[in-house]
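**Student:** One structure, as structure tokens, below. Some questions next.
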Amino acid sequence: MWKKFKKHYYAVSIFGILLLSITLRFYDYNDRWVLAYDQARDEIVAKYALDHHLIPLVGSFSYAGPFQWGPELYWILMGSTAVYPFAVITPWVVMTLLYVFCVYLIIRVAEKLIDKKFALIAGLLAAISTAQIEQSTNLTNPSFVPIFSLLAIWAMVTYMSSGKKTLFLFLLAFFISIAISLHLQGVGLIFLLLFTIIATKSFHYKKIR
């Protein structure tokens with residue numbers, strides 16, 4: 001028994017961390033998921049767009065200034081609602097599951113950066129992170145920024161470790177652009193792209209025609 005566990009300890013440990021992550025994020029869920037003005041408005045828009053077969057081209061108004069966010073939040077909510085359109089809570093559950101997926105993604109990124117032991121430590125810290133647990137039930141623009149930020153980091157690390165495959169550089173820029181379009185908190189991710197290009201020498205002025 002011990003030999004089998006020792007052989008598969010990494011996979012078993014990841015499963016345990018994800019199970020802990022699910023438990024903490026869904027514990028007492030009915031009293032924790034946030035339904036306020038912004039969340040209700042965005043979900044109503046998403047359901048209306050689904051029912052009338054429309055694709056929103058802009059998002060909600062920004063409190064930071066006279067402009068609107070991108071429509072990506074509505075698209076995400078439309079996709080989430082379509083999974084099970086008969087329950088109001090569906091997009092909240094989907095978002096919480098995405099936060100569980102983020103824990104798994106952190107494990108994989110940490111494994112690529114250092115090793116498996118560090119990956120398990122990083123995954124465990126992510127699983128018990130109070131900030132992640134709280135944010136995973138709040139269906140707002142900023143709540144999706146960490147998800148795309150982590151996807152951007154994954155794309156960056158994968159690009160550097162995969163022989164600089166162009167697909168992952170594209171995904172890095174793509175995830176950063178989505179994060180910025182969701183909320184201005186994502187603007188700082190631009191430096192992630194610049195660092196990646198400079199560190200890997202992926203661009204040279206001689207390539208400009």
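The values are calculated or read from the model by the stated rules, or taken from the named source; none is laboratory data. Predicted model, so just to flag it, every value in this text is computed and none were measured. In this analysis, Cβ positions are derived from the backbone assuming ideal geometry, glycine residues included, and neighbour counts consider all displayed protein chains. Side chains included, ligands, DNA and RNA excluded: accessible areas come from the protein's heavy atoms. Shrake-Rupley method; radii C 1.70, N 1.55, O 1.52, S 1.80 Å.
**Student:** For Ser177, what accessible area in Å² do you get when you roll a 1.4 Å probe over the heavy atoms of the protein chains, rounding to the nearest 10?
**Tutor:** Its heavy atoms expose roughly 60 Å² to the probe.
**Student:** Just read off the accessible area of Lys117 with the full protein assembly in place, 1.4 Å probe, to the nearest 10 Å².
**Tutor:** Probe radius 1.4 Å; accessible area of Lys117 about 150 Å².
**Student:** Ok, one more. Excluding ligands and nucleic acids, what accessible area in Å² is computed for Trp69 using a 1.4 Å probe, to the nearest 10?
**Tutor:** Around 30 Å² of this residue is reachable by solvent.
**Student:** Considering only Thr137, Leu97, Pro66, whose Cα is most displaced toward the positive end of the charge dipole of the chain, charges sitting on Cβ of Lys, Arg (+1) and Asp, Glu (-1)?
**Tutor:** About the Cα centre, the residue reaching furthest to the positive side is Leu97.
**Student:** Sticking with this structure for a sec: With a 1.4 Å probe and all protein chains left in place, how much accessible area per residue does the chain have, in Å²?
**Tutor:** 60 Å²
**Student:** Which percent of the accessible heavy-atom area of the stretch 57-119 goes to carbon and sulfur, probe 1.4 angstrom?
**Tutor:** Carbon and sulfur atoms account for 72 percent of the accessible area of the stretch 57-119.
**Student:** When the helices in the chain are scored as -39500 (n - 2.57) per DSSP H run of 4 or longer and the sum is shared across all residues, what 222 nm value do you end up with, to the nearest 500 deg cm²/dmol?
**Tutor:** -22000 deg cm²/dmol
**Student:** Let me make sure I get this right: for the stretch 74-209, a, b and c are the square roots of the gyration tensor eigenvalues over alpha carbons, sorted descending. Under 1.5 in a/c it's rounded, otherwise prolate if a/b > b/c, else oblate. Which is it?
**Tutor:** Note, shape of the stretch 74-209 comes out oblate.
**Student:** Also: Magnitude of the Cβ-charge dipole of the chain, K/R +1 and D/E -1, about the Cα centre, nearest 20 debye?
**Tutor:** For this selection, approximately 1420 debye.
**Student:** May I have the count of lysine pairs in the chain with C-alpha atoms under 21 Å apart, counting pairs 8 or more residues apart or located on different chains?
**Tutor:** The result is 18.
**Student:** If you don't mind, there's one more thing I want to ask. Considering the zone a paramagnetic label at Leu35 would reach in this model (a point 7 Å from Cα along the Cα-to-Cβ line), which residues of the stretch 132-148 have amide N under 14 Å from it?
**Tutor:** 138-139
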